Each structure stands twice: as C-alpha cells, then as structure tokens.
Ligand SMILES: Nc1nc2c(ncn2[C@@H]2O[C@H](COP(=O)(O)OP(=O)(O)OP(=O)(O)O)[C@@H](O)[C@H]2O)c(=O)[nH]1
Ligand SMILES: [Mg+2]
C-alpha cells in the first residue's frame with residue numbers, strides 16, 4: 001500500500017472523523033502535529049511546514065544575514081537555553097525537528113571534541129529553505145501554546161540577493177514572514193575598514209527584499225548587532241556607540257516607511273570575548289516572537305506582481 005504523505009494522512013483522519021458524525025472513544029483524537037511529525041526529525045521542507053501551518057497557527061520567523069553573521073548560532077542557543085528551563089515563563093513543549101536542533105548544537109558541545117564552541121556552516125541549497133520548529137507552552141494552567149517556524153538558510157542565499165532572477169525564485173518564502181531578523185556581524189565591525197561593508201551588505205539585503213515586494217508591510221523587521229561581545233570587549237567606546245546610532249538612523253531613514261514596525265537591538269548568542277551571559281539578547285527576541293500575531297493558515301506565496309523592474313518581470317514569468 002502506498003504510504004500517504006503527512007498532509008494526506010491529516011485529511012484522511014479528518015474525513016474518518018466527519019463521516020462518523022462524532023469521534024468515538026476508541027478512535028484516538030488525532031493531533032495533526034503528531035501526524036506531521038516526521039520520524040527523521042529533519043528540518044521541515046516547504047510542504048511539511050505549510051501543512052503544519054494549516055493545522056495550527058504558526059509564527060514564521062526568518063533569520064537573515066550574510067555568511068557567518070550568527071544565524072544558526074542564535075537557533076542553537078535558543079534551543080540550549082530551553083534545556084535549562086523556561087525562558088520568560090515559556091516552556092519547551094516539543095519540536096517536529098528535534099534531531100535537527102541537536103545537530104546544529106552538536107559542534108558547540110563538549111562531546112563533539114571541539115575545544116572552542118563552534119557552529120557548522122549552513123550548506124547552501126537552491127530552492128525553498130528548510131524550517132526548524134519549536135512548540136512552546138505559554139501557560140500550563142490555561143493550556144496555551146504557540147508554534148514558531150524558523151528558517152535556517154545559508155548566508156549565501158542573502159549574499160546573492162542582488163541577482164534578481166535568483167532571488168525571485170529562492171526568496172519567495174519571505175512573503176509569509178511575520179518577523180524578519182537581520183543580523184549585522186559585530187565581529188566584523190571591529191575593523192574600521194570592514195564596517196562600511198557590513199552596513200552596506202545589510203542595507204542591500206533589506207532593500208532587495210522590499211524592492212522585490214518580498215516582505216509584507218505587516219512583517220516586523222528587526223536589525224541587530226550580533227556578536228555584541230566584540231563591542232563590549234573593545235570597550236564599547238563612544239565611537240562604537242556613535243557608529244551604531246548612525247547606522248540605526250540610516251536604516252530608519254531608508255526603511256521605516258516600508259514596514260509598520262522597524263526595531264533595533266543587540267545580540268550575543270554565544271559570547272566568547274567578554275563576560276556576557278550566554279544568549280545575551282535571546283530572551284528579548286523570544287518575547288517579541290511569542291508576542292507576534294500568529295497566522296492561522298498558510299499565507300499564499302503567490303507574489304503580488306506589479307512594476308517593470310527585472311525582478312518583477314521575472315517573478316511574473318515564473319508565475320505564468
Ligand atoms: N564571539 C561570538 N561568536 C559568535 C556569536 N554568535 C556566533 N558566533 C560565531 O560566529 C561563527 C559563525 O556563526 P554561524 O551561526 O555559523 O553563522 P551563520 O550566519 O549561520 O553562517 P552561515 O550558515 O554560513 O550563513 C561561529 O564560529 C560562531 O561560533 C556570538 O554571539 N559571539
Ligand atoms: Mg548557518
């Protein structure tokens with residue numbers, strides 16, 4: 001007998017419930033999350049993530065930034081923090097991608113044999129990204145849960161963003177983001193000759209996302225200085241503060257009209273250079289993700305294509 005895919009299994013279960021009129025005590029109440037749960041626990045592909053978003057309200061969080069900015073480390077740290085207990089009163093309540101979380105944490109753990117905590121480079125894959133899933137219990141007594149879906153894509157995908165043909169195809173998943181987090185690499189900002197490029201690359205990523213109408217106006221956009229321990233280790237001088245303030249102001253001037261909600265912050269997911277707490281800033285991010293309005297259904301990824309720029313013309317050709 002052919003094996004049903006997760007979505008078919010969900011609808012088969014729903015059908016058997018409705019034709020009976022009621023669900024008898026012997027028929028187990030199917031939780032779609034259990035059915036969608038892939039035995040491999042690998043990152044969810046686009047259709048599995050979409051099936052999950054159809055079965056329950058989810059919040060889509062895109063973590064963006066150039067290669068090495070700290071995207072995967074942020075996810076690994078979030079998962080590790082939940083190992084020691086609740087964060088901001090939220091409890092870990094499961095994941096459809098548990099082994100995938102374990103995998104991204106492995107290199108940073110003692111048993112990997114690494115002397116220094118590390119995160120492996122995320123491999124660049126063409127096409128849609130994969131997603132990591134977290135289910136959180138917000139209130140045990142009230143039985144209140146929330147589900148977060150995170151992208152973990154290689155920075156290469158964002159570095160190619162100026163290539164309009166490629167980005168129209170590869171970055172279509174951005175259209176359903178509720179939250180877009182852009183990381184600016186604090187380590188690279190320690191070198192005055194590299195700072196300008198860090199800021200420029202970040203602006204290019206956001207500009208291309210808005211120009212291609214890949215981010216909705218409702219999407220919260222947050223720009224953070226990652227690896228903030230490098231700033232602190234260098235004394236976080238007036239000059240550093242001025243540089244960050246000026247950069248934040250430049251981002252505000254360029255993008256505040258394009259999104260309803262533009263935020264700024266600092267992050268040190270895994271500080272090694274200064275005595276900051278592990279996961280500095282992660283609590284605040286989690287609070288913002290939990291506080292987002294969830295989507296009760298998968299949003300249409302079909303682009304609203306207007307305009308005559310090559311990126312729009314290409315997207316229109318792809319749709320036809
Ligand atoms: N000191 C310090 N290092 C960090 C921090 N966050 C990440 N790193 C290090 O930065 C390096 C790159 O981090 P990744 O999380 O792999 O970066 P990424 O953005 O996922 O990179 P790609 O997957 O290649 O796009 C790793 O060596 C991390 O250990 C931090 O807060 N402080
Ligand atoms: Mg990565």
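The values are calculated or read from the model by the stated rules, or taken from the named source; none is laboratory data. This structure is a prediction, so every number in the text was calculated from the model and none was measured. Backbone-built Cβ (ideal geometry, glycine too); neighbour counts: all protein chains shown.
Structure summary
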| read-out | value |
| --- | --- |
| Residues of region 239-248 classified as farther than 28 Å from residue 217 by Cα and crowded, with 16+ Cβ neighbours inside 10 Å, total | 1 |
| Residue within region 38-61 that is more than 8 Å from ligand 1 (Cβ to nearest atom), buried (at least 23 other Cβ atoms within 10 Å of the Cβ) and assigned to a loop (DSSP other than H, G, I, E, B) present | yes |
| Residue check, residue 93 at pLDDT 85 or above and away from ligand 2 (no atom under 14 Å from the Cβ) | yes |
| Filtered residues of region 145-180 (kept if within 13 Å of ligand 2 (Cβ to nearest atom) and either modelled with pLDDT of 95 or more or not in a loop (DSSP other than H, G, I, E, B) (or both)) | 150, 151, 155, 156, 157, 158, 159 |
| Check on residue 245, outside any loop (DSSP other than H, G, I, E, B) and closer than 26 Å to residue 172 by Cα | no |
| Qualifying positions in region 99-141 - more than 16 Å from ligand 1 (Cβ to nearest atom) and modelled with pLDDT under 90 | 111, 127, 128, 140, 141 |
| Hey, residue 306 assigned to a loop (DSSP other than H, G, I, E, B), modelled with pLDDT of 95 or more and more than 21 Å from residue 220 (Cα to Cα) or not | no |
| Filtered residues of region 249-285 (kept if in a helix (DSSP H, G or I), touching a strand residue (DSSP E or B) at 6+ places or on another chain (Cβ under 7 Å) and surrounded by fewer than 17 Cβ atoms within 10 Å (Cβ to Cβ)) | 252, 283, 284 |
| Filtered residue count, region 269-298, keeping only those that are under 18 Å from residue 62 (Cα atoms) and modelled with pLDDT of 95 or more | 11 |
| Filtered residues of region 255-279 (kept if free of Cβ contacts under 8 Å to residues at least 12 places away in the same chain and touching a helix residue (DSSP H, G or I) at 6+ places or on another chain (Cβ under 9 Å)) | 275 |
| Filter result (within 16 Å of ligand 2 (Cβ to nearest atom) and in a loop (DSSP other than H, G, I, E, B)) within region 225-242 | 227 |
| Residue identified as surrounded by fewer than 18 Cβ atoms within 10 Å (Cβ to Cβ), closer than 29 Å to residue 81 by Cα, out of contact with any helix residue (DSSP H, G or I) (no Cβ under 6 Å at 6 or more places or on another chain) and at pLDDT 95 or above among 229, 236 | 236 |
